[in-house]
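Heads up: the structure comes next, in structure tokens.
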Amino acid sequence: MNTPKILVIGALGQIGSELVEELCLQKGTENVIASDIRPEKEVNIAAQYLQLNVMDKERLYAVIQEYQIGTIYNLAAILSAKGEQDPMFAWKLNMEGLFNTLEAAKDISHLTKIFWPSSIAVFGPNSPRDNTPQYCVMDPNTVYGISKLAGERWCEYYFEKYGVDVRSLRYPGLIGYKAAPGGGTTDYAVDIYHYAVQNKPYQCFLREDTALPMMYMEDAIRATILLMDSPPEQIKNRSSYNLSGMSFSPLGITQSIQKQIPGFQCTYVPDFRQKIADSWPMSIDDTEARNDWGWKPEFDLEKMTGIMLENIAIQYPEVTTG
Ligand code: NAD
Ligand code: AKB
């Protein structure tokens, strides 16, 4: 019998491009199919690639059948800042994409596992902001956060009602050097490194004291695969797990960069994203993830800054830092 394949939807994004790389290493390139809405001719990726719109249910079902897909990682979404530009479309994509994958898992017997990411954006202005617990008041006020909270409830519903093995993490802001972020409130924490290595000043769109939960991408990918590889009885939460890596403010990351590039300058000019950040937690309590499936982060701010600066510098060979 053929090994069931893994389909990554939204594979060309910030998370997808790194997740595909790691899944190919761990599960074998021949077992991973990357897909995204972008046409094949624009794409350079290790795994087999298919152009796929997650909102096209008929084609999604056909792909799952043709390639004998056993697991889907559905990463296609509009993120927090971009979502506010066209709330109705963000709601449509984020919900329809989730429903199509959940329905497929209900309808197609060889599709046995789904990963769908949630976010710290499920919390809102009345959630506790410090060490935010798994269960508390949740009143998100962005279309993105509302779609993620609704999505979490639907994940649990499909698990309880139809036995769909769906697993989810509430990712913090993710930071990596391999792919650009796609329109979130935490994107500054990637952009700032690119300016620093080019010896350019950076203008941050958040206030200097805005602490937010963040995570280095390698930790996020490890958490995702660990969650997906854990035996089902260890997954006691079928909405979405709190997940914590580190917390810092724009001033904190600036100071961390200045330890290695002393002349680096950052100014702070808040825009509409400040209100979003102010409604999110400053830090996250992820006790359940640690207890249920052994989660433990490996990267703190200083370690991440070292790796980010070193690897982003390679992307600008014309610049000599220091
Ligand atoms: P991204 O914007 O970088 O990537 C999303 C990808 O989805 C893009 O490559 C895009 O082309 C693709 N896409 C868009 N519409 C599509 C469609 N109709 N069909 C198929 N593909 C489509 O986002 P990301 O940062 O990689 O995030 C992936 C998931 O993780 C999202 O659900 C996001 O909400 C969640 N998440 C991300 C972060 C973060 O900091 N990056 C934090 C929390 C949660
Ligand atoms: C965003 O800022 O929208 C994302 C997220 C935390 O979900 N990075």
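Laboratory data are not the source of any read-out in this text; all were calculated from the coordinates shown. Because the structure is a prediction, the values reported are computed rather than measured. Because the Cβ atoms are built from the backbone with ideal geometry, glycine has one as well, and the counts that use them run over all protein chains shown.
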Handout entry: Cα pair distances in region 1-97, grouped into 10 Å bins until the bin that holds the longest one, percent each
Key = 16, 47, 30, 7, 0
Exercise for the section: Would you mind estimating how fast region 202-322 diffuses translationally, via Stokes-Einstein at 20 °C and 1.002 mPa s with the Kirkwood radius over Cα pairs, in µm²/s? Expected result: 130 µm²/s
Problem - For the chain, calculated [θ]222 nm from helices alone, where every DSSP H run of n ≥ 4 adds -39500 (n - 2.57) - result: -12000 deg cm²/dmol
Exercise for the section: With N denoting the number of residues in region 273-322, provide Rg(C-alpha) divided by 2.2 N^0.38 Å, to two decimal places. Expected result: 1.75
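Is there a quick way to get the dipole size of the chain? I mean about its Cα centre, with the Cβ of Lys and Arg at +1 and of Asp and Glu at -1; what is the value in debye to the nearest 20? Show your work: numbers first, answer last.
Details: 28 positive and 40 negative charges, 42 e Å.
Once rounded to the nearest 20, the dipole reads 200 debye.
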Practice task
Using amide H atoms built 1.01 Å from N in the peptide plane, name the residues 5+ places from GLN203, or on other chains, whose amide H lies under 5 Å from its own.
Solution key: THR267
Exercise for the section: Go through region 272-322 and name the chymotrypsin sites (Phe, Trp or Tyr not before Pro) that are in a DSSP coil and have 14 or fewer other Cβ atoms within 10 Å of their Cβ. Expected result: PHE272
Problem - Positive-end extreme of charge dipole, region 13-169 - chosen from ALA46, ALA62, SER127 (charges on Cβ) - result: SER127
Fill in the blank from the handout: The size of the Cβ-based charge dipole (Lys, Arg +1; Asp, Glu -1) of region 5-172 about the Cα centre, to the nearest 20 debye, is 180 debye
Problem - Selected from MET246, TYR268, GLY294, residue furthest toward positive end of dipole (region 233-322; charges at beta carbon) - result: TYR268
Completion exercise
Checking region 189-260 for trypsin sites (Lys or Arg not before Pro) in a loop per DSSP with at most 16 other beta-carbon atoms within 10 Å yields ARG207, LYS236, LYS259
Exercise for the section: Please figure out what share of the DSSP beta bridges in the chain is antiparallel and state it in percent, rounded to the nearest 5. Expected result: 10 percent
Exercise for the section: Within region 124-204, list the chymotrypsin sites (Phe, Trp or Tyr not before Pro) lying in a DSSP loop whose Cβ has at most 15 other Cβ atoms in a 10 Å radius. Expected result: TYR135
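Report the Stokes-Einstein translational diffusion coefficient (µm² s⁻¹, integer) for region 5-172, Rh taken as the Kirkwood radius over Cα pairs, at 10 °C with viscosity 1.306 mPa s. Present the calculation step by step, with values, prior to reporting the outcome.
Details: Rh = 16.4 Å.
Stokes-Einstein gives a translational diffusion coefficient of 97 µm²/s.
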Exercise for the section: Rank MET215, ILE175, PRO231 by how far each Cα sits towards the positive end of the charge dipole of region 106-246 (+1 on Lys, Arg Cβ; -1 on Asp, Glu Cβ) and give me just the farthest. Expected result: PRO231
Practice task
Give the relative contact order (percent, whole number) for the chain; include only Cα pairs under 8 Å separated by 6+ residues.
Solution key: 18 percent
Handout entry: Alpha-carbon centroids, region 116-146 and region 210-233: separation in whole Å
Key = 17 Å
Exercise for the section: Find the percent of Cα-Cα distances in the chain that exceed 38 Å, and round it to a whole number. Expected result: 12 percent
Handout entry: region 5-172: relative contact order in percent, alpha carbon pairs under 8 Å with at least 6 residues between
Key = 20 percent
